[in-house]
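We did not get these values from a lab; they are worked out from the coordinates using the rules stated. Source: prediction; values computed, not measured. Cβ placement follows ideal geometry from the backbone for every residue including glycine, while neighbour counts extend to all protein chains displayed.
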Amino acid sequence: MVNLGFFFGEAWTGFKRSGIMSLVSIGTITVSLIVFGVFLLVVLNIGSVVSHAGARLEVMAYAAGDLSEARLNELEVSLNRLDGVEEVEFISKEDAWEDFTKHFGGRLKLDFSVGDNPLPYTFVIKVRNVDVVSGVAKGASRLKGIEDVRYAGKLVEKIRTLAAAVRVGGLVLVSLLSFATLLIVVNTIRLTVLARETDIYIMRLVGATDSFIKGPFIIEGIIIGIIGSALSVSVLFSSYELVASRIAEALPFIPIVFEGSSLFVIYGMVAVVGSFLGMLGGYISVSKSLKE
């Protein structure tokens with residue numbers, strides 16, 4: 001505990017001595033962590049959109065209009081047995097025609113233009129998740145008596161492609177920013193190390209271990225990281241609430257994430273990454289100086 005008190009005292013002295021460079025390091029860490037946090041929040045919400053779309057995604061299978069009731073029952077059983085199918089709803093030709101005429105009969109004059117009911121029997125297939133949609137559609141199309149299969153899988157696939165692109169692009173950007181931040185923290189703390197070269201030399205002469213000498217500089221890096229993390233989390237928290245509320249009002253059909261646990265996990269990750277970058281920067285800086 002005595003050593004820890006000494007470490008914190010020396011770390012705070014070094015932090016103040018670095019002055020402008022310490023502020024630059026804090027600013028750089030803050031900006032990097034804000035970008036990192038925005039990246040995580042965007043990925044979280046795109047994942048929510050994909051899951052929401054997948055949960056509401058339905059495969060429509062159309063059966064021939066001349067099939068017997070027994071064959072239609074067999075098809076319903078076969079569709080329920082497909083991997084990934086959660087529920088199958090059967091819509092008869094009569095019900096489909098009644099619904100169609102209810103919505104469009106007044107505008108299209110169906111009594112004059114259409115004779116017999118031309119609509120097919122329809123099976124509405126609800127799937128377990130978006131990953132099985134394509135397989136369910138292919139399985140349904142292979143069944144004898146199913147004439148056509150339709151689903152909005154292309155839209156979901158585009159959303160998933162966008163999510164993958166955001167993940168890759170975000171990881172590259174965050175990696176570059178993290179590397180730049182680490183370099184700045186290393187150089188900032190290195191200035192403190194250079195300013196205290198004489199003190200470090202004397203401490204080594206009297207038998208101080210490398211671990212004891214490294215302590216204050218590592219803690220200085222952690223202090224820089226914690227301050228940067230606190231600032232970035234504050235900006236992310238206030239900005240996300242404002243922006244997410246505006247988007248939810250303007251586009252209520254988009255499932256924006258407001259769940260506290262998911263958001264707090266992201267804010268916690270941002271805080272941990274910031275502290276780790278600061279600690280790593282301090283360790284690298286003083287280790288390099290001690291080797292020299």
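Brief remarks on what is shown
- Rounded to the nearest 0.05, the FRET efficiency derived from the C-beta distance between Val24 and Glu249 at R0 = 45 Å is 0.70.
- Fully extending the segment from Val206 to Val257, taken as 0.36 nm per residue of separation minus the present Cα-Cα distance, adds 12.6 nm.
- Length added when fully stretched, Leu242-Asp99, from 0.36 nm per residue minus Cα-Cα: 47.3 nm
- Backbone amide hydrogens, once placed in the peptide plane, bring Glu86 within less than 5 Å of Lys126, Val127, Arg128, excluding anything fewer than 5 places away on its chain.
- A crude spin-label estimate for the pair Glu69 and Ala165, with each label 7 Å from Cα along the Cβ direction, gives 5.2 nm.
- Residues Arg204, Arg81 arranged by fewest to most Cβ contacts within 10 Å: Arg81, Arg204
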